[in-house]
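S.K.: Quick one: the structure is below, questions incoming.
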Amino acid sequence: MDPTTDNAGYTRDQGNARNSLEALRAEIAKAVVGQDPAVTGLVVALLCRGHVLLEGVPGVAKTLLVRALASALELDTKRVQFTPDLMPSDVTGSLVYDARTAEFSFQPGPVFTNLLLADEINRTPPKTQSSLLEAMEERQVTVDGTPRLLPDPFLVAATQNPVEYEGTYPLPEAQLDRFLLKLTIPLPSRQDEIDVLTRHAEGFNPRDLRAAGVRPVAGPADLEAARAAVAKTTVSPEITAYVVDICRATRESPSLTLGVSPRGATALLATSRAWAWLTGRDYVIPDDVKALALPTLRHRVQLRPEAEMEGVTADSVITAILAHVPVPR
């Protein structure tokens with residue numbers, strides 16, 4: 001089948017789409033050092049039409065990572081700095097009275113974009129956090145009883161500081177469950193930090209990604225072709241049962257008060273398929289499920305207080321479950 005192209009010259013051929021999405025790594029690396037797992041997670045979320053929560057201490061390039069992704073994909077992007085006084089209408093938009101026409105007109109908020117960067121989302125109270133719930137789940141915003149569709153693709157990339165930091169509000173469980181992935185952004189290694197400082201010494205400006213050489217390497221047509229290919233990725237009954245067994249094991253864990261819901265199991269299946277396709281296969285294997293289990297499930301479980309006091313983490317519980325659930329052959 002001959003590939004077709006859109007006006008921007010992006011091919012819809014699925015093989016080329018994979019190459020284009022793989023090229024994102026190299027392009028984003030021009031601006032961000034040593035965060036390849038997070039880049040991969042963002043690409044997986046795009047393929048699954050999901051949303052991403054990025055957690056890390058201030059200053060580890062969470063915002064820069066999302067901005068670099070938007071530049072490399074040539075998507076429309078907007079940024080909202082979440083603060084304690086931010087109102088829901090500041091995110092979704094509102095009706096504004098026009099004195100000339102004596103009518104109210106809708107002024108779209110920043111959520112009407114392809115890639116919304118919700119910066120420090122946990123620094124605003126739950127009321128404003130919940131303004132994104134309908135947008136993330138239904139991909140629309142209802143204002144004054146009128147639903148308004150959001151653009152496609154639409155991705156929320158939210159950053160948050162660790163919840164024990166001053167001035168933060170924990171995200172409600174219902175909202176956490178709307179994020180496909182939770183990616184932790186660690187402090188860089190010594191060599192990566194040396195590379196970062198070397199770049200800055202040579203004149204790198206994180207506010208000017210064009211000058212850093214970040215260029216669009218993929219577009220909406222590549223995403224559509226890739227999503228179509230991911231949808232055709234084969235999942236055997238054994239893999240489906242494996243995903244279910246992992247999620248059911250979290251509901252029985254003595255360290256957890258809340259296990260993974262069926263929505264979480266569906267999410268793990270979707271991210272596993274996307275990862276399988278990105279690695280060049282048209283079928284899912286157990287290693288795909290294991291590779292995506294932590295980022296897909298860690299925010300969907302809730303630790304018992306006594307387990308948390310003993311130093312148990314969501315990641316350690318899920319890792320132990322992966323070690324004990326029988327792997328299909």
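The values are calculated or read from the model by the stated rules, or taken from the named source; none is laboratory data. Note that the structure is predicted; figures quoted are calculated from it, not measured. Counting neighbours? That spans all protein chains shown, and the Cβs are built from the backbone with ideal geometry, glycine included. Just so you know, the surface numbers come from the protein's heavy atoms only, side chains and all, with ligands and any DNA or RNA stripped out. Shrake-Rupley method; radii C 1.70, N 1.55, O 1.52, S 1.80 Å.
Residues checked against (1) among the β-branched types (V, I, T); (2) without any contact (Cβ under 8 Å) to a residue 40 or more places away in the chain; (3) over 22 Å from T77 (Cβ atoms); (4) touching a Cys at 6+ places or on another chain (Cβ under 7 Å):
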| site | (1), (2), (3), (4) |
| --- | --- |
| L117 | no, no, no, no |
| P125 | no, no, yes, no |
| L133 | no, no, no, no |
| M136 | no, no, no, no |
| T142 | yes, yes, yes, no |
| R148 | no, no, no, no |
| P151 | no, no, no, no |
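S.K.: For S105, are the conditions met, namely being open to solvent by less than 60 Å² (accessible area, probe 1.4 Å), out of contact with any Asp or Glu (no Cβ under 8 Å at 6 or more places or on another chain) and more than 17 Å from A158 (Cα to Cα)?
M.R.: no
S.K.: Next question. Please go through the range 110-169 and give me each residue that is among the aromatic types (F, W, Y) and open to solvent by 60 Å² or more (accessible area, probe 1.4 Å), ordered by number.
M.R.: Scanning the range 110-169 gives Y165, Y169.
S.K.: Moving on. Looking only at the range 62-91, which residues are crowded, with 21+ Cβ neighbours inside 10 Å and β-branched (V, I, T)?
M.R.: Within the range 62-91, V66, V80, V91 qualify.
S.K.: Okay, moving on. Which one is nearest to A274 (Cα to Cα), of the residues in the range 39-53 that are over 8 Å from the mean Cα position of the chain (by Cα) and not in a helix (DSSP H, G or I)?
M.R.: The selected residue is C48.
S.K.: Next question, about the same structure. Please give the number of the condition V96 fails out of (1) assigned to a loop (DSSP other than H, G, I, E, B); (2) surrounded by fewer than 18 Cβ atoms within 10 Å (Cβ to Cβ); (3) not basic (K, R).
M.R.: Condition (1) is where V96 drops out.
S.K.: Another question about this same structure. Only residues that are open to solvent by less than 20 Å² (accessible area, probe 1.4 Å) and among the β-branched types (V, I, T): list them for the range 277-290, please.
M.R.: Across the range 277-290, the qualifying residues are V284, V289.
S.K.: Can you find a residue in the range 54-61 that is part of a helix (DSSP H, G or I) and either crowded, with 16+ Cβ neighbours inside 10 Å or in contact with a Phe, Trp or Tyr (Cβ under 6 Å, 6 or more places away or on another chain) (or both)? Walk me through it before giving the result.
M.R.: First, pick out the residues of the range 54-61 that are part of a helix (DSSP H, G or I): none.
No, the range 54-61 contains no residue that is part of a helix (DSSP H, G or I) and either crowded, with 16+ Cβ neighbours inside 10 Å or in contact with a Phe, Trp or Tyr (Cβ under 6 Å, 6 or more places away or on another chain) (or both).
S.K.: Now a separate question. Looking only at the range 291-315, count every residue that is loosely packed, with under 15 Cβ neighbours inside 10 Å and in a helix (DSSP H, G or I) and tell me the total.
M.R.: 4
S.K.: Restricted to the range 266-276, and to residues that are of a type outside the set (G, A, S) and open to solvent by 10 Å² or more (accessible area, probe 1.4 Å), which residue is nearest to L24 (Cα to Cα)?
M.R.: Keep residues of the range 266-276 that are of a type outside the set (G, A, S), which gives 266, 268-269, 271, 273, 275.
Keeping just the survivors that are open to solvent by 10 Å² or more (accessible area, probe 1.4 Å) gives 266, 269, 273, 275.
Numbers: T266: 26, L269: 23, R273: 19, W275: 15 Å.
The qualifying residue nearest to L24 (Cα to Cα) is W275.
S.K.: For the range 44-82, enumerate the residues that are modelled with pLDDT of 90 or more and β-branched (V, I, T).
M.R.: Matches in the range 44-82: V44, V52, V80.
S.K.: Taking interchain pairs and intrachain pairs at least six residues apart, which have beta carbon atoms under 6 angstrom, with the first residue in the range 250-272 and farther than 26 Å from D282 by Cβ and the second of a type in the set (S, T, N, Q) and not in a helix (DSSP H, G or I)?
M.R.: Partner pairs satisfying both residue conditions: T257/Q302; L258/Q302.
S.K.: May I pose another question? Please determine, by comparing only the residues of the range 273-290 that are touching a residue at least 12 places away in the same chain (Cβ under 8 Å) and part of a loop (DSSP other than H, G, I, E, B), which one is farthest from R251 (Cα to Cα).
M.R.: G280
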